[in-house]
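For reference, the structure is listed below as structure tokens.
The values are calculated or read from the model by the stated rules, or taken from the named source; none is laboratory data. Since we're looking at a predicted model, the values are computed, not measured. Neighbour counts are summed over all protein chains in view; Cβ atoms, including those assigned to glycine, are modelled from backbone coordinates with ideal geometry.
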Amino acid sequence: MPTDKSEIKWYHGFAKAAKKLPDYMLAVFSLIIVGGLWLVPGSTIQPSKVYLKLTSSAVSFTLVETTMLGDGCDLDKSTVCVKQLDSLSFRPLGSVAVSSKYGEAWAQVNQSTSILEEIRIDSGNTVLIMQSGGLTTISTRGGDVRGRIGVNGSGQIEVGSGAFEPDTIHSFSLVGPEDLEFWASGTELGGLVFLAKFQEAFELSGVRIKNLEFTRPDLSDQDLVLLESSIEQGTLTLPEISKSVDIIKGEILSLHISEGLLVGLQVSEMIELYFVGTADQIKLGPKGYDHELTPSLLEFVYYREKWILLFSAIMFVFGTLRSIKKP
């Protein structure tokens, strides 16, 4: 208890005011809780859990860990092309080796049965996979990529050092099984480009990724290359608020991925994938008309912590009735 007269006077004044505050402040406080959840800028769940199941003609993502692609996939007996390489060689032939200090070396295998034995992509690379008319394109940028293609039986092989060397082209016929080994250092502007038709579905699973995108170049404008949505259809699920959203063809999905797992990816006529992870921001809609899907704190409370809203409602009603009843 205060002892000084001025302190005693202030204390009694504060106590008197405090007795009156609960009559209406309960109602005000409940409004502040709900209003704060709704109106505070950036009042969203960050990061938010995301489940995504989608069909697309193109997908790109950044690898969090070194990843192996291929694993013995049979390639169609047509043209197989790998380009934008720093070096390539054939084993056991050995005498055919090409290097390029500008990263422009290339190789093309024609009319020979081939197997994609492996493509080893270092972490930090951004990988773009596109599918069009049965032709699969895998391109990378941002780091080292090494790979090996097993070439069996008869066929024609062409290799070159690129347009800046100047290009030196070697062409020869196969006389037995060969391994085409290649390396691309890659930069932020570009790296490996691999083109082939797979005889069976090409699969990838259990890969940690970030920066997931679904766009492909729009080449309809000859003067300016734009990006268009590659999505055919899909479903986006936000488990924290028990909400699922259907994604239709042509919609642009923007995901600022914090971290995630590419549970499964299969490339056949189209690209089918299933992703689980977290995102700092989620937007969906036609180009120029996208809308925010990142769950707000109010939505989260409504679906997961309903007691907070119930408690706020009880406080509001109780506080309002007390302030009306008491003179």
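List of remarks:
- Taken over region 67-123, the criterion of being touching an Asp or Glu at 6+ places or on another chain (Cβ under 8 Å), within 21 Å of Phe172 (Cβ to Cβ) and in a loop (DSSP other than H, G, I, E, B) is satisfied by Pro92, Leu93, Ser100, Glu104.
- Hits in region 167-178 - residues which are polar (S, T, N, Q), part of a strand (DSSP E or B) and either outside the structural domain of Ser112 (by TED's automatic domain parsing) or touching a residue at least 60 places away in the same chain (Cβ under 8 Å) (or both): none
- Count - residues of region 131-180 that are among the hydroxyl-bearing types (Ser, Thr, Tyr), in contact with a strand residue (DSSP E or B) (Cβ under 8 Å, 6 or more places away or on another chain) and at pLDDT 85 or above: 4
- Residue in region 179-202 that is in a strand (DSSP E or B) and exposed (fewer than 12 other Cβ atoms within 10 Å of the Cβ) present: no
Residue by residue, here is whether (1) in contact with a strand residue (DSSP E or B) (Cβ under 7 Å, 6 or more places away or on another chain); (2) assigned to a strand (DSSP E or B); (3) surrounded by 16 or more Cβ atoms within 10 Å (Cβ to Cβ); (4) free of Cβ contacts under 8 Å to residues at least 24 places away in the same chain holds:
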site	(1), (2), (3), (4)
Val245	yes, yes, no, no
Leu262	yes, yes, yes, no
Gln266	yes, yes, no, no
Phe275	yes, yes, yes, no
Ile282	yes, yes, yes, no
Lys287	yes, no, no, no
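- Of the residues making up region 124-140, those that are in a strand (DSSP E or B) and touching a Gly at 6+ places or on another chain (Cβ under 6 Å) number 2.
Per-residue answers, yes or no, for (1) at positive phi; (2) more than 19 Å from the chain's Cα centre (by Cα):
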residue	(1), (2)
Gly206	yes, no
Phe214	no, no
Thr235	no, no
Ser268	no, yes
Phe275	no, no
Ala279	no, no
Pro286	no, no
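- Selected residue (only one of Glu117, Glu213 is touching a strand residue (DSSP E or B) at 6+ places or on another chain (Cβ under 8 Å) and either without any contact (Cβ under 8 Å) to a residue 12 or more places away in the chain or outside the structural domain of Val50 (by TED's automatic domain parsing) (or both)): Glu117
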